[in-house]
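Each remark here refers to the structure printed beneath this line.
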Amino acid sequence: MDRQRKSSWLVNTAIAIGMTALGAACGPTYPNCDNDEQCHEGEFCVNGRCQDCRDDSQCPTGQMCEQNDCVPIPGWCNGDADCPPDQMCQGNRCVPRPVVAETDTTPPPPQQCQLQPVYFQFDESALDDAARSALQADVSCMQERSIQNVQVTGMCDPRGTEEYNMALGDRRARATRDHLQRLGIQRPRMQTRSVGEEMATGSDEYGWSRDRRSDITER
């Protein structure tokens, strides 16, 4: 090889070696990459290409990593204002608002008064003050509910003979009827009977005190 051709060959070889070395020093051309440092700020090297993300943790709040791109999370919210009017933000997700039942503003119907029993002391058929007050309330209730006729049932606790308790129950029913008559209830509108101890349910002194009574019921 002559001197001129040899010199040209050496120059070309040197240039080729220099280009190769320069390419090795500079690395791949963007967006190709070997590592994250060769990508723009906020990008990551994934499979030799600079991408937005590898996983959800590398995306801004409210976004997720989908095919290496950060995209909005469907239905994500930071507050109710981020949701449609019929939805609310719960756990960073828009969910339907609960259906609130309409409040019924209709006032409840007034409760009807109830005829109440009167109670007696042991082995007594006389009315005490509490019994007379209860009968006054019963008369008012009969007028309020337009009750025309009532039945008065005399009752006893389980102590005593059946015959004695039947007679005692009768005296209690009659005493109740007579006081109702004094309060303005006509006698023909009232019927009396005695059941003695038949309907007694008490097993101690308190229960027996509830057995000694006259019941007033509409008929």
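Considered as an equivalent ellipsoid built on the Cα gyration tensor, the chain has semi-axes of 110, 21, 10 Å, the largest given first. How far apart, in nm, are the 7 Å Cα→Cβ label points at residue 76 and residue 32? So the label points at residue 76 and residue 32 sit 3.3 nm apart.
For residue 144 and residue 40 in the same chain, what is the full-extension length gain: residue separation times 0.36 nm, less their Cα-Cα distance, in nm?
Details: separation 104, 0.36 × 104 = 37.44 nm, distance 8.99 nm.
Extra length available between residue 144 and residue 40 comes to 28.5 nm.
Computed extension gain for residue 66 through residue 122, at 0.36 nm per residue and net of the alpha carbon distance, reaches 11.3 nm. Helix 162-182 and the longest principal axis of the Cα set of the chain meet at an angle near 90°.
Ranked by the mean number of other Cβ atoms within 10 Å per residue, highest first, peptides 96-104, 29-37, 208-216, 140-148 order as 208-216, 140-148, 29-37, 96-104. Counting every pair of alpha carbons in region 91-216, the share spaced more than 25 Å apart comes to 39 percent.
The calculated FRET efficiency for the pair residue 186 and residue 132, based on their C-beta separation and a Förster distance of 25 Å, comes to about 0.85. Charging the Cβ of each Asp and Glu at -1 and of each Lys and Arg at +1, and nothing else, the dipole of region 28-95 about its Cα centre rounds to 140 debye.
Compute the relative contact order of the chain as a whole-number percentage, counting only Cα pairs closer than 8 Å that sit 6 or more residues apart in sequence.
Numbers: 333 pairs, mean separation 30.5, N = 219.
RCO, the chain: 14 percent.
Values in this text are rule-based calculations from the coordinates and carry no lab data. It should be emphasised that the depicted structure is a prediction, and the values quoted were computed from it without experimental measurement. Counting neighbours? That spans all protein chains shown, and the Cβs are built from the backbone with ideal geometry, glycine included.
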